[in-house]
Amino acid sequence: VVGVMGASANDALSEAEAHRVRTLAEGLGAAIARADCILITGATTGLPDLVAQAFRHHGGFALGVSPAENHREHVGRYGLPDDGADVIIYTGFGYKGRNVINVRSADIVLIIGGATGTLNEFTIAYDEGKIIGVLEGSGGVADHLNEIIEFCKKPSTGAVFLDRDPAKLVTRCVDACASLQAAL
């Protein structure tokens, strides 16, 4: 299970950034589908939605985890799409509660762009010892996570991979996950 965490539409990407990162998001979705993984997202807008659309276009099964307690709240209160996943689980836990579920449900966490919510998801994944892939060049916090790791100097039982190529990033993370599972 691959969780994709990243910039929502609320993270105010400029038009130029949105166009540039759209190609990265589509490449990431296609690579996850080719790796025959299940995708989990926050059932949100922006980059995770673009990844999910590309992933589903390539035949993948996507699970969305909503901060809302039901469909009405998901669409009305949170303004989130209801067509970005094959199945949406409504948690009622708000954004931060949803983030914990997303990260803990994923074997691999991929970071694309992002702001404070994505940083929250990254720190949960890092502390939980997850395999984390960071798509460098995707903007936002993704382009600063290596600095954050170095600054904090906190060891993790997981692994962090950084790459500018979506397909290479997915391959590195899936290979690391397979090695970890084989060792268990």
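The values are calculated or read from the model by the stated rules, or taken from the named source; none is laboratory data. These numbers were taken from a predicted model, which means no experiment stands behind them. Heads up, the Cβs are rebuilt from the backbone with ideal geometry, glycines too, and the neighbour counts pull from every protein chain shown. With ligands, DNA and RNA removed, areas are computed over all heavy atoms of the protein, side chains included. Shrake-Rupley method; radii C 1.70, N 1.55, O 1.52, S 1.80 Å.
Okay, here's what the table says:
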item: A182-V100 FRET efficiency (beta carbon distance; Förster radius 41 Å; 0.05 resolution); result: 0.90
item: Cα-centred dipole magnitude for the chain, charges only on beta-carbon of K, R (+1) and D, E (-1), debye, nearest 20; result: 220
item: Partner lysines for K154 [C-alpha distance under 18 Å; skip if fewer than 8 residues away on the same chain]; result: K130
item: ³J(HN,Hα), Karplus 6.51/-1.76/1.60, whole Hz, each residue of the range 90-98, x for Gly, Pro; result: 9, 8, x, 9, x, 5, 5, x, 4
item: Share of carbon and sulfur in the accessible heavy-atom surface of the range 15-95 [1.4 Å probe, %]; result: 52
item: Nearest-ten-degree value, helix 46-57 long axis tilted from longest Cα axis of the chain; result: 90
item: Nonlocal amide H pairs with T45, under 5 Å, H built at 1.01 Å; result: A9
item: Candidate aspartates and glutamates for bridging to K153, where Cα separation is under 17 Å - those fewer than 8 sequence places away on the same chain excluded; result: D127, E128
item: Stretchable slack from H71 to E128, in nm (0.36 nm times residue separation minus alpha-carbon distance); result: 17.6 nm
item: For the chain, calculated [θ]222 nm from helices alone, where every DSSP H run of n ≥ 4 adds -39500 (n - 2.57); result: -15000 deg cm²/dmol
item: Efficiency of FRET between H144 and D165 - r from beta-carbon atoms, R0 25 angstrom, step 0.05; result: 0.85
item: For the range 106-148 versus the range 1-67, the gap between their alpha-carbon centres in whole angstrom; result: 14
item: Chain lengthening between I89 and H57 when straightened (0.36 nm per residue, less Cα-Cα); result: 9.4 nm
